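S.K.: My structure is below; once you've seen it, I'll send some questions.
The values are calculated or read from the model by the stated rules, or taken from the named source; none is laboratory data. Keep in mind that what you see is a predicted model, and the values were worked out from it rather than measured. Here Cβ is always computed from backbone atoms with ideal geometry, including for glycine, and neighbour counts include all displayed protein chains.
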Amino acid sequence: MAQADSSAGEQPHRLAFAALILANIFLAFGPWMVRLADVGPVAAAFWRILIAAPFLLLLAVPAWKKGLSLDRTLVLVILAAGVFFAADLASWHFAIVHTKLANATLLGNSSSFIFPIYGFIILRAWPKPLQAGALCLALVGALLLVGQSYELSAAHARGDLFAILASIFYTCYLIAIDRARRVLAPMPILALATVASVFPLLLFALALGEQIMPHNWTPLILLSLGSQVIGQGLLVYSIGHMRPLVVGLALFTQPAITAVIGWIVYGEALGVPDIIGAILICAAIILIRLPSGRDLDSSSDQPHLGDVRRGS
């Protein structure tokens with residue numbers, strides 16, 4: 001079976017962190033592209049996956065040529081990842097157009113907090129003070145960042161609910177990807193999980209009666225290449241090297257970037273709380289990368305998730 005490269009040295013870990021940040025930058029542009037698309041939100045998710053699938057399958061060819069041995073358990077994990085990802089995208093894209101962008105951004109990124117908890121549970125270790133402090137700092141920053149525009153109301157209730165559902169499905173997707181990354185290289189995982197999510201997304205879009213065929217392909221192509229090929233590709237790669245806490249903290253950067261996009265594109269002014277929130281998120285990420293926080297990477301005396309045996 002092709003092995004994940006989780007045993008790489010210090011330099012690959014540095015590259016993995018850079019890949020993680022870059023992944024979130026590309027993913028943060030996704031909601032804007034969904035808003036620009038002239039199809040239904042779930043249909044936009046379908047095209048995001050369908051357009052990306054051939055590119056991802058092509059990128060996975062080098063790993064397949066080395067020989068892949070997929071046992072039944074691994075196949076089921078990858079299929080589950082695809083279904084969870086389809087459910088996440090359907091819920092998230094639906095929320096984007098049925099609630100305020102700030103609501104969808106904050107509630108949809110609840111996985112930033114849930115996924116690190118999974119990491120602490122699977123590693124059977126409570127967070128150290130530095131870890132807990134960085135996570136709380138990022139959470140406060142995210143709340144400040146969208147606090148001025150966040151609003152709970154009956155008009156947004158349906159969209160808010162689907163944003164919360166999206167965060168749960170996305171956490172399940174990340175957990176499935178993490179388990180698969182212990183024994184398989186990133187591109188085959190992403191390619192197979194992407195293919196597995198195509199049909200469920202089409203069914204969701206048809207069930208909602210959405211317009212499927214677009215007139216303007218540009219937003220969908222940018223959404224597919226930016227969010228799925230580049231964004232998810234870099235994210236899946238980095239998950240093989242980084243602990244869930246680092247991944248979760250990096251996910252907090254998406255609300256910050258989305259706020260900047262809203263300021264530039266829609267003229268949504270950034271107030272002092274927004275700026276303070278963005279600074280706190282950056283500080284949390286810097287804090288976790290300090291020498292005393294490197295226990296989250298290869299130098300830790302705790303086991304990496306990749307060292308925890310499957311089925312544990």
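S.K.: Looking at A283, is it in contact with a helix residue (DSSP H, G or I) (Cβ under 7 Å, 6 or more places away or on another chain), at pLDDT below 80, part of a helix (DSSP H, G or I) and over 19 Å from L89 (Cα atoms)?
M.R.: no
S.K.: Could you tell me how many of the residues in the range 261-277 are in a helix (DSSP H, G or I) and either crowded, with 24+ Cβ neighbours inside 10 Å or among the charged types (D, E, K, R) (or both)?
M.R.: Total satisfying the criteria: 2.
S.K.: If I21 satisfies every condition in (1) among the β-branched types (V, I, T); (2) closer than 15 Å to W217 by Cβ; (3) under 17 Å from the mean Cα position of the chain (by Cα) but one, which is the exception?
M.R.: I21 satisfies all of (1) among the β-branched types (V, I, T); (2) closer than 15 Å to W217 by Cβ; (3) under 17 Å from the mean Cα position of the chain (by Cα) except (2).
S.K.: Restricting attention to helices (runs of 4 or more DSSP H) lying wholly within the range 27-73, give those where 2 or more residues are loosely packed, with under 15 Cβ neighbours inside 10 Å.
M.R.: Passing ranges, in order: 41-59, 61-65.
S.K.: Another question, if that's okay. L101: modelled with pLDDT under 85 and touching a Gly at 6+ places or on another chain (Cβ under 8 Å), yes or no?
M.R.: Taking the combined requirement at face value, the residue satisfies it.
S.K.: Please state which one of A53, A23 is within 18 Å of W92 (Cβ to Cβ) and out of contact with any Asp or Glu (no Cβ under 8 Å at 6 or more places or on another chain).
M.R.: A23
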